[in-house]
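The values are calculated or read from the model by the stated rules, or taken from the named source; none is laboratory data. From a predicted model like this one, the values you see are computed outputs, not experimental measurements. Note that each Cβ is placed from the backbone with ideal geometry, even for glycine, and that neighbours are counted across all protein chains shown.
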Amino acid sequence: MGKIFRFEKDVDTDQIIASQYLLFPTIDEMKTHTFESLNDTFAAEVKPGDFVVADENFGCGSSREQAASVLKALGVKAVIAKSFARIFYRNSINIGMPVIVSKELHDVVADGDEMELDLKQGIITANGKTYSCTKLPAQMQKILDQGGLIASLNKED
Amino acid sequence: MGHTLIEKVFGRKVGREVKPGDIITVDVDWCMIDDIMAPFAISKFEEMGFSKVWDPNKVVLIYDHFVPATQVDDSRHFRVADAFAEKYGVKNVHRTDGICHQLMTEAGYVKPGDIAFGTDSHTVTYGCVGAFSTGIGYTEMAGILGTGQLWVKVPESIKVVVDGTLPKNVTSKDVILRVIGDLTASGATYQSLEFSGSCIENMSVASRMTMSNMAVEAGAKCGIFVPDQKTCDYCNIDYSDEIKELYPDEDAVYSRVLHYQAEDLVPVMACPSLVDNIKPVSEIKGTKVDEVFLGSCTNGRLEDLQLAAKILKGKHVAPYLKFIVTPASRKIYLEALRDGTLEILSDAGAIITTPGCGLCCGRAGGILSDHEVVVATNNRNFLGRMGTSKVQIYLASPASAAATAIAGEITEAPLDLF
């Protein structure tokens, strides 16, 4: 079980990690500023295995891969949203962080609720109920299964 | 069944018909890496264990977000990228020439029908010349540097038709803001925006660039225009039979069609703090403004500076107001210098800064603080983008920005000025 951190629609990449922190040489130095403008206690409270749940268009805006990387570095197990901005979506798969589309979950959970995710079966369990989530296209599932693009390219060599 | 423009661009590249939803692997014509992302892309490239860049002539490194450096660590990015260019034989390096998205077409790289990827979301800009281009993360860029290929899903298309003649105080910026307002910030996610209609045909390539640049603000994968004689003149190439084949079929299938009559359009602004929070300028008129920014890859071109100069000639910006002008490239800077545009703007009280991303990405030249209001011609008004998260950012056309600079409060350019 992991705790849910719930966000609304159109969360942009500047809100996930602001431009001024992109200069930090490592993701570990950036990650303490994750979601700073929306929830300044997120980075301190989130624990490995927790989840981010959002409304439509999560990760819109810039192409900064750091937005996906800081979430992964903080141990976020998956981001579940009604829809994702395309660059954020691809970046997440490429670094090996699951991004899952669920049209229902955001509307039925509260911030702080707990949930479980069975990625293989495509099933989410929260508050005693189960929800099915969409599966990835084969091309992306393969990259994710292999642990991201770097691992995937290395395997093909 | 006919094909949309983007289906034709991809179909030509892979040598067979493609349809939306197909996942194809494409050979990349150009990849652009900017200074912010260069060290990250380079370190991933090395982590992947590649010993050479697939084709150094197709790689373009552009330093723009940090030029000139404003923080002590900025120059590390230049050093890392310079060392990479030296080691792998990358010759296309622009260190102080302007903003990446301006240079990728202006300096002669991307042409109609090309496929380009960049480490910045506004890479969609090159759709202005009928190319497919989009933003990617640095790990994917590292993969392209090594392999020269990337997989893409062929997108569905939304057709945006604009017919007629725009009122004189309405620019292509107002058109694209209106389109984003109607589509919403996620309304074109994963899709291609295809622009057409008599108003679009009559637009300059520079005006089209403003629109393709902002396609990503509606979530689009690309924003593309049919290449025509004007496009080829801009790209310095012949309007060849091959290029003439790049147009959508009459029976192409679209997920959605939006139609606008240009005469009905009015000056609008994207209000804080969402790009799709679009209001007519008449509704927000009178809002006090601390700063006006004219520049960026959206609206820092010669025609934008000239339009502002026309409005500001012989006038002065309001007391206390800071008016920041940043040409998108050195070429534009020089053209505006030689034709007297910069003199008019400077006389009117403008602070003219060096070409680059500057204020748009919140790094330099005019950063704002809590509760200040800025009217800006760039593409994003996200919370905290141009200073603190309590700054109010309104996105506007160069005409509305110039008129606002004179008034000191939000206003549209009066029609009798032209």
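Remarks
- The stretch B:101-119: number of residues that are aliphatic (A, V, I, L, M) and within 14 Å of chain A (Cβ to nearest Cβ): 1
- If you filter the stretch A:31-51 down to residues that are within 14 Å of chain B (Cβ to nearest Cβ) and at pLDDT 95 or above, you find that the one that is surrounded by the most Cβ atoms within 10 Å (Cβ to Cβ) is A:T34.
- The requirement of being within 11 Å of chain A (Cβ to nearest Cβ) and over 21 Å from the mean Cα position of the chain (by Cα) is satisfied by B:G143.
- Number of residues in the stretch B:224-250 that are under 20 Å from the mean Cα position of the chain (by Cα), in contact (Cβ under 8 Å) with a residue 40 or more places away in the chain and over 23 Å from B:G15 (Cβ atoms): the value is 5.
- Residue satisfying condition, being more than 9 Å from chain B (Cβ to nearest Cβ), over 14 Å from the mean Cα position of the chain (by Cα), of a type in the set (S, T, N, Q) and under 20 Å from B:F45 (Cα atoms), within set A:Q121, A:Q146: A:Q146
- Candidate set: the stretch B:44-70, residues that are within 11 Å of chain A (Cβ to nearest Cβ) and without any contact (Cβ under 8 Å) to a residue 40 or more places away in the chain; chosen: the one farthest from A:M30 (Cα to Cα): B:G49
- Qualifying residue in the stretch B:256-273 (condition: under 30 Å from B:R12 (Cβ atoms) and aliphatic (A, V, I, L, M)): yes
- Pairs with Cβ under 7 Å, 6+ apart, first in the stretch B:192-213 and at positive phi, second surrounded by fewer than 19 Cβ atoms within 10 Å (Cβ to Cβ): B:G197/B:V161; B:G197/B:D163
- The stretch B:125-153: number of residues that are buried (at least 24 other Cβ atoms within 10 Å of the Cβ) and either among the aromatic types (F, W, Y) or farther than 30 Å from B:G49 by Cβ (or both): 9
- Residues of the stretch A:96-135 classified as in a loop (DSSP other than H, G, I, E, B), modelled with pLDDT of 95 or more and among the β-branched types (V, I, T), total: 1
- Flag if A:S92 is hydroxyl-bearing (S, T, Y) and either farther than 24 Å from B:C222 by Cβ or out of contact with any Leu (no Cβ under 9 Å at 6 or more places or on another chain) (or both): no
- Some residue of the stretch B:115-126 being farther than 27 Å from B:F382 by Cα, of a type outside the set (K, R) and either in contact with a Lys or Arg (Cβ under 8 Å, 6 or more places away or on another chain) or at pLDDT 95 or above (or both): yes
- Scope the stretch A:58-85; condition without any contact (Cβ under 8 Å) to a residue 60 or more places away in the chain, among the basic types (K, R) and more than 8 Å from chain B (Cβ to nearest Cβ); matching residues: A:K72
- Only one of B:G314, B:G356 that is in a loop (DSSP other than H, G, I, E, B) and either more than 19 Å from the chain's Cα centre (by Cα) or within 19 Å of B:I180 (Cα to Cα) (or both): B:G314
- Residue in the stretch B:208-218 that is among the β-branched types (V, I, T) and within 14 Å of B:T171 (Cα to Cα) present: yes
- Candidates B:D276, B:D304, B:D249, filtered to the one that is in a loop (DSSP other than H, G, I, E, B), at negative phi and surrounded by 15 or more Cβ atoms within 10 Å (Cβ to Cβ): B:D276
- Selection status of B:F293, under 22 Å from the mean Cα position of the chain (by Cα), outside the structural domain of B:Y190 (by TED's automatic domain parsing), crowded, with 21+ Cβ neighbours inside 10 Å and of a type outside the set (S, T, Y): yes
- Among the residues examined, B:V281 does not qualify as aliphatic (A, V, I, L, M) and under 28 Å from B:I136 (Cβ atoms).
- Output for the stretch A:12-30, where each listed residue is closer than 20 Å to B:G387 by Cα, more than 10 Å from every other protein chain (Cβ to nearest Cβ) and either part of a loop (DSSP other than H, G, I, E, B) or at pLDDT 95 or above (or both): A:I16, A:I17, A:M30
- Considering residues of the stretch B:382-407 that are at pLDDT 95 or above and assigned to a strand (DSSP E or B) only, the residue farthest from the other protein chains (Cβ to nearest Cβ): B:Y394
- The test for being within 14 Å of another protein chain (Cβ to nearest Cβ), within 19 Å of the chain's Cα centre (by Cα) and not β-branched (V, I, T) holds for B:H122.
- Top-ranked residue in the stretch A:99-118 [being aliphatic (A, V, I, L, M) and within 14 Å of chain B (Cβ to nearest Cβ); ranked as nearest to B:E47 (Cα to Cα)]: A:V99
- Candidate set from the stretch B:155-167 (those that are farther than 25 Å from B:Q102 by Cβ and surrounded by fewer than 24 Cβ atoms within 10 Å (Cβ to Cβ)); member that is farthest from the other protein chains (Cβ to nearest Cβ): B:T165
- Only listed residue being in a strand (DSSP E or B), within 25 Å of B:Y126 (Cβ to Cβ) and of a type in the set (S, T, Y), chosen from B:Y254, B:Y260, B:Y239: B:Y260
- Residue list for the stretch B:85-100, filter: hydroxyl-bearing (S, T, Y) and either outside the structural domain of B:A116 (by TED's automatic domain parsing) or under 20 Å from the mean Cα position of the chain (by Cα) (or both): B:T96
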